[in-house]
Amino acid sequence: MKNRESSHYQRIWRWHFYAGLFVAPFLILLSLTGIVYLFKPQLDNLMYPELMKVTPASQTLSADALWAEARTAMPDASLSKYLPPVSPDASAQFIVRQGGRELTLFLDPASGALLGALDNQWNLQAVARALHAELLLGTTGDRVIELAAGWGIVLLISGLYLWWPRKGPGVGGILWPRMNQRGRLWWRDLHAVVGFWGAGFLLLLLLSGMTWTGFWGDQFANVWNRFPAAMWNQVPASTPLARSLNQAHDQTVPWAMENTPMPSSTLPDEMASMAMADTAMPPSSAGHDHSAMNHGGEHEGMVMAEHRISLQQVVELANERQVTPGYSITPPAGKSGVYTIALFADDPRNDATLHIDQYSGKVLADVRWQDYSLVAKTVETGVMLHTGKLYGWPHQLAMLLICLMVLLSAVSGLWIWWSRRPQGRLAAPPLPAKLPPMRGAIAVLVLLGICFPLVGASMVVIWLLDTLLFSRRTLKVARAS
């Protein structure tokens with residue numbers, strides 16, 4: 001390898017090292033939690049068969065009758081979401097809040113019997129998804145995951161540069177590991193080969209995952225999630241956006257709908273005077289909750305219940321509009337809130353988001369796949385490819401293989417570093433004696449930094465630390481030896 005090329009190699013190896021040291025633990029975590037969430041349907045049926053499955057019956061209770069049974073069993077719970085049965089042998093599910101907890105109540109659609117309850121935030125799937133999305137740390141965790149995904153792209157690009165064949169004929173150690181090697185060389189081959197074959201899939205996972213993040217993902221959605229203004233013409237819009245219905249452990253509306261405004265229901269004349277009176281009350285008394293769906297004890301709750309369409313009417317409307325089973329119904333939040341029928345479908349072509357006036361039953365918005373922009377369709381397809389839900393179990397197995405490849409590449413990279421690392425030292429690859437200009441590599445880093453601002457800011461920090469601290473330490477060690 002010529003001196004100039006060798007200097008380039010050492011410099012990029014150093015960046016690859018720093019990126020890998022930061023990203024690899026997150027790739028391991030994301031791979032493991034991704035595998036758990038990948039097999040959610042099978043694991044749910046395996047772990048909770050008594051909650052998920054019922055004996056099919058020809059006659060079933062209405063949604064309102066089922067909710068009455070659920071309220072009888074848990075009178076102090078407020079309704080957050082209703083999930084009608086997806087098949088004749090599936091239970092009906094009510095997501096409720098009780099105190100500080102969010103629970104899913106499972107009911108037999110035929111008898112209304114309560115089959116059991118599940119804590120929505122502390123079960124295997126919820127924890128796996130929340131770890132995957134935000135490390136159970138809220139906004140801070142979301143930002144860290146976004147940084148890891150961005151640095152994962154740096155890791156991937158630098159890794160492909162290091163992998164690129166530079167010597168002699170033969171594909172051993174390039175397209176497959178050389179089986180005659182032992183020790184660190186064998187691990188190096190494994191790391192390089194698995195990394196190469198998995199590079200394209202990892203890039204898809206990183207980019208599609210970035211669209212879910214709270215900083216870059218929001219900015220991306222603000223630019224590209226646009227719908228024709230006519231879809232919301234003459235429909236009063238409330239302050240919250242549809243993303244307020246989503247949580248780290250649960251997705252209600254599709255990504256394409258997250259930045260759309262929630263419409264407002266039109267108050268009947270009988271309630272208009274009540275709304276006028278509410279403006280004189282302290283702000284804290286006009287909370288944004290779903291409790292009016294549940295309790296008729298207070299006068300306002302009784303008046304709202306008298307004028308609001310029933311939950312079963314919303315179910316019938318979803319059926320009339322041919323929404324694919326698997327959708328959820330979120331009840332109105334307050335006097336001006338709306339019912340939201342939402343389907344975040346395994347096949348995004350079945351996505352549906354409908355907002356319904358809680359008093360008149362009028363459909364205020366009905367957004368489907370054909371209404372999405374090209375970018376939104378691309379992102380939604382990427383999301384479903386990411387989650388392994390688009391093509392059934394063959395897709396799940398393919399994604400399992402990809403997760404294992406990412407896991408193996410991350411573990412082997414850490415093992416290579418750990419096995420060669422002198423005790424008590426970071427052992428970053430040394431800087432070349434003369435730093436090459438590397439205009440192409442710097443241009444790529446600058447481009448990535450512009451595209452992903454959090455990554456760009458962290459690059460500046462790492463460069464300063466490397467220049468002012470790590471490089472000097474390495475030089476001192478070299479002179480002392």
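Relative contact order for the range 1-150: 21 percent, from Cα pairs under 8 Å spaced at least 6 residues apart, divided by residue count.
In this simple spin-label model, placing a label point 7 Å from the Cα along the Cα-to-Cβ direction at both V36 and W13 gives a separation of 3.8 nm. The candidates R425, R166, R308, arranged from most to least accessible area with a 1.4 Å probe in the full protein assembly, appear as R425, R166, R308.
Per-residue extension of 0.36 nm, minus the Cα-Cα distance of T266 and Q322, leaves a gain of 17.6 nm for this segment.
Reducing the range 187-215 and the range 335-364 to their Cα centroids gives an inter-centroid distance of 35 Å.
Modelled spin labels at W418 and K362, positioned 7 Å past Cα toward Cβ, are 6.4 nm from each other. Taking 0.36 nm per residue of sequence separation and removing the Cα-Cα distance, the I28/V460 pair yields an extension gain of 153.0 nm. Over the range 31-110, accessible surface divided per residue gives 46 Å², non-protein components excluded, 1.4 Å probe. For a test of the definition: using alpha carbon positions, the gyration tensor, and the 1.5 limit on a/c, classify the range 308-348 as rounded, prolate or oblate. Oblate is the answer for the range 308-348, as a/c is 1.5 or above yet b/c matches or exceeds a/b.
Ranked by the mean number of other Cβ atoms within 10 Å of their residues, highest first, the peptides 391-401, 146-156 come out as 146-156, 391-401.
Sort the range 128-204 into rounded, prolate or oblate with this rule: let a ≥ b ≥ c be the square roots of the eigenvalues of the Cα gyration tensor; rounded if a/c is under 1.5, and if a/c is not under 1.5, prolate when a/b is larger than b/c, oblate otherwise. Prolate is the answer for the range 128-204, as a/c is 1.5 or above and a/b outweighs b/c. Would you work out if the range 12-116 is rounded, prolate or oblate? Take a ≥ b ≥ c from the square roots of the eigenvalues of the alpha-carbon gyration tensor; rounded if a/c is under 1.5, else prolate when a/b is larger than b/c, oblate otherwise. It comes out prolate by the Cα gyration axes. Solvent-accessible area assigned to carbon and sulfur over the range 300-371 amounts to 42 percent, based on a 1.4 Å probe.
Given R0 = 30 Å, the distance between the Cβ atoms of A443 and L21 translates into a calculated FRET efficiency of 0.80. Accessible surface for V194 stands near 20 Å², nearest 10, in the context of the full protein assembly shown (1.4 Å probe).
The values are calculated or read from the model by the stated rules, or taken from the named source; none is laboratory data. Worth saying up front: this structure is predicted, and the values here are computed from it rather than measured. Cβ atoms come from the backbone with ideal geometry, glycine included; neighbour counts cover every protein chain shown. Just the protein is used for accessible areas: all its heavy atoms, side chains included, with ligands, DNA and RNA removed. Shrake-Rupley method; radii C 1.70, N 1.55, O 1.52, S 1.80 Å.
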